[in-house]
Each structure stands twice: as C-alpha cells, then as structure tokens.
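Student: One structure coming up, written as structure tokens, with questions to follow.
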Amino acid sequence: MSEPKEPPPGPGGEPADATANLLAPRRRRHRSSSSSSSSSSSRSSRSPRRRSSKSKRKRWIIALAATGGTALIVLAAGLVLWNWRKPIPPPAMPVASLDEILAAKTVPDWLWWRLRENTAVLVLEFPSLIEQGETMNRMAAFIEKRAGPRDRLLDNGELADLIKRSGDNAATFYSGHDYTMDRLAQFYTLADQADQPTLNGQEQRLRENLLRWGVLKKELDGSYHSTSERALVSFTAEQPDDPQTTQDELIDAKRRESVLRHELSHGEYFTNSNYRQQCWEFWRKGLTENERQMFRKYLGSLDYDPGNEELMVNETQAVLMHTPDTRAFNAQDLGVSDAELERLRERFRNTK
C-alpha cells in the first residue's frame, strides 16, 4: 500500500486542514519576538483608555452612593423632625357609666369621661367649684344668662358684677354646666376677635382640651366648629362650705349626684332627638299655659332667659325629672303641693 500523502501546505507554509486551524492560535503565541513586541506595544497603547473608563465608572458609583446616602440622611432627619413636631394624640377618653363616674376617685385635677349610656355626652369633673367657675362662668353669661350680652363677651369686671348682682360668688354662680359643642364653638370664635377680652388660663385650657379630643376644630379663617353632635356637661368633686362667705359652697355626696344627674339630662336633651321631642311635646301639650308661666317665672328667678323657649324646655325637664336633691328644687319653688308636683312628673313620663 502506498503511504498517505500529507495535505498540501496552506499559504505561508501552514497546514490547511481543520485541526491545523484549531491549533493555529496557539502557534501564533509563539511567533517571533518582533511580532510579540508589536502586539504588546499595541495593547499597551490601549490600556490608559481602559483604565480611564474604569476610573470614571468608579467615581460615578462613589458619587451616586454619596448622593443616595445624603438623600437617606435628609429623609431620616425629616422623618425625625416631623414626628417631633407632630402633636401627640391624647389617650382615648375613658368611658364610664353614671355610677362609675360617681364612684371614681377624686384627684386635684380635671377628670374626663364619655358617658357609657350615651357616648355623645362628654363629662368633665372639676376638683372644686371655684375652678369650674373660672373655666365656665363667662360661657354661662354669654349662652344662658338673661343679663348677659349675646354679641360680645363680658370682661372680668363685668362678669364679677353680674355674679354679684345674682347674689352669688364665682364658686356658687353655677353648680354644674351644660353646653352643645356648637355653642362652645361660637364662644371661642367670638373670643378670638381682637376687640374681645383675653380668656383666662382655664378657659384656654378647656379650648385646647376640646381641640385635642377632636370635638372642636379650628378653620383656616380662625373660626371654630364642632365636629359632631356632642355635648359637654360639668360637675365638681365634693367640698366643704366656706364659712367666710354668705353663700353655700357645700358639695356633699347627695348634692354632687343630683348635680350630675341634672346635667346629664341636658346632655341627653342635646344629643338624643327622641328625648328632645318628648320634652317639647310635654312643654306644648302636657302643660297648660299657666303651668308654662309657672316654670318661666321660677327659671327667670334664677336669671335664666325666659325669652329663650328652648332653654325653658330644657331646664324644665331637668329640674322636674332629674334633680333629686330637694335643696336644689322642690314643690314650694313652683308654688305647688308635693302631690301636684308628682302629677306633673307622671304627666311627663306618659308623654310620647
């Protein structure tokens, strides 16, 4: 057999088959030093541009990281500042029944509740009559008192004169108070006007409390409005009489309970439309005109405005049905017998 012939060399003397082509790159790495030097020179000429490109990318990454880090720091600082300046919401107002409120331990500060039987009624207990008076008497003069103006607030001297003319002092002017949030909003809106007297610290504290509880809201124009149909009633802790005055400042357990029941009935009137309708039905149809005049005369003697028909209706139901302390209200106050007074009460209970 003849020997296999070698494949003819390709150009430059290299084998032309596929195996030779696969090996060709390896062989090129063993070329002459001049070729290697030329290649090294070529690679060397390209290296600075590659290093420059990598350096730019590195600087860009560092800059981006720095910018991002700064943004995160600014964001974190903003969140801290926002949380620091953000008003801390008050704790939830306790909910309690009438009996639970009466049994609560007395403290030398204000106590707040929502009435369990009707949570639209807010209850505020003051530690004393004088502190209640400092907070609420100017409101009473503005909202309820016959001699109080309706278009402005009394200054301190005028308020003191009004209280003195009624035969009271700042502590005994009222045993308890009751107002809708709408009326309190009117009071505080008027108080913010430049020509009105400056409110005392207790009046301002009450406003801040009502704003924090969310039952009053201040608008951009400076006015206030109620956020829902709610009422505020107040009463006080027990206290002894002051022997240095001619007025009776005594609040014993019986009087304290009677005042609270009386004020809560006003809260019910303000927030319960069914009960309010019953009161009006009794006033219009359950009483004769002479009996209505009898109540107007009695309430007018307490300096309530007899021209305010709603006030007459509301106070009539409260004294007649929800004032168990006979030192505060009895048949003789109306000029009727005990039996006649009981018949009036029965008539109210039967009113639909």
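Student: Exactly one condition in (1) assigned by TED's automatic domain parsing to the domain that holds Asn137; (2) among the hydroxyl-bearing types (Ser, Thr, Tyr); (3) touching a helix residue (DSSP H, G or I) at 6+ places or on another chain (Cβ under 6 Å) is not met by Ser228; state its number.
Tutor: For Ser228, the exception is condition (3).
Student: Determine which member of the set Leu206, Leu264, Leu210 is outside any strand (DSSP E or B), touching a Ser or Thr at 6+ places or on another chain (Cβ under 7 Å) and of a type in the set (A, V, I, L, M).
Tutor: Checking each option against the conditions leaves just Leu206.
Student: Please go through the range 136-182 and give me each residue that is buried (at least 18 other Cβ atoms within 10 Å of the Cβ) and of a type in the set (Lys, Arg), ordered by number.
Tutor: Arg138, Lys145
Student: In the set Ile73, Ile130, which member is of a type in the set (A, V, I, L, M, F, W, C), out of contact with any helix residue (DSSP H, G or I) (no Cβ under 7 Å at 6 or more places or on another chain) and at pLDDT 95 or above?
Tutor: Result of the check over Ile73, Ile130: Ile130.
Student: Tell me which of these Thr326 doesn't satisfy, since it passes every other one: (1) without any contact (Cβ under 8 Å) to a residue 60 or more places away in the chain; (2) polar (S, T, N, Q); (3) part of a helix (DSSP H, G or I).
Tutor: Status for Thr326: all satisfied but (3).
Student: Of the numbered conditions (1) in contact with a Lys or Arg (Cβ under 9 Å, 6 or more places away or on another chain); (2) free of Cβ contacts under 8 Å to residues at least 60 places away in the same chain; (3) among the aliphatic types (A, V, I, L, M), Leu220 fails exactly one; give the number of that condition.
Tutor: Going through the list (1) in contact with a Lys or Arg (Cβ under 9 Å, 6 or more places away or on another chain); (2) free of Cβ contacts under 8 Å to residues at least 60 places away in the same chain; (3) among the aliphatic types (A, V, I, L, M), Leu220 breaks only (1).
Student: Shifting gears a bit: Condition first: under 29 Å from Leu250 (Cα atoms) and either loosely packed, with under 13 Cβ neighbours inside 10 Å or at pLDDT below 95 (or both). Now tell me which residues in the range 305-323 satisfy that.
Tutor: Selection gives Asp305, Pro306.
Student: Could we say that Phe282 is modelled with pLDDT of 95 or more, part of a helix (DSSP H, G or I), surrounded by 18 or more Cβ atoms within 10 Å (Cβ to Cβ) and in contact with a Ser or Thr (Cβ under 7 Å, 6 or more places away or on another chain) here? First the steps, then the outcome.
Tutor: On the way: modelled with pLDDT of 95 or more: yes; part of a helix (DSSP H, G or I): yes; surrounded by 18 or more Cβ atoms within 10 Å (Cβ to Cβ): yes; in contact with a Ser or Thr (Cβ under 7 Å, 6 or more places away or on another chain): yes.
When the stated conditions are applied, Phe282 passes them.
Student: Okay, moving on. Just one of Tyr298, Tyr269 is surrounded by 20 or more Cβ atoms within 10 Å (Cβ to Cβ) and in contact with a helix residue (DSSP H, G or I) (Cβ under 6 Å, 6 or more places away or on another chain); which is it?
Tutor: Tyr269
Student: Would you mind telling me which numbered condition in (1) in contact with a Ser or Thr (Cβ under 7 Å, 6 or more places away or on another chain); (2) in a loop (DSSP other than H, G, I, E, B) Gly307 fails?
Tutor: (1)
The values are calculated or read from the model by the stated rules, or taken from the named source; none is laboratory data. Bear in mind the structure is a predicted one, so any value in this text is a computation, not a measurement. In this analysis, Cβ positions are derived from the backbone assuming ideal geometry, glycine residues included, and neighbour counts consider all displayed protein chains.
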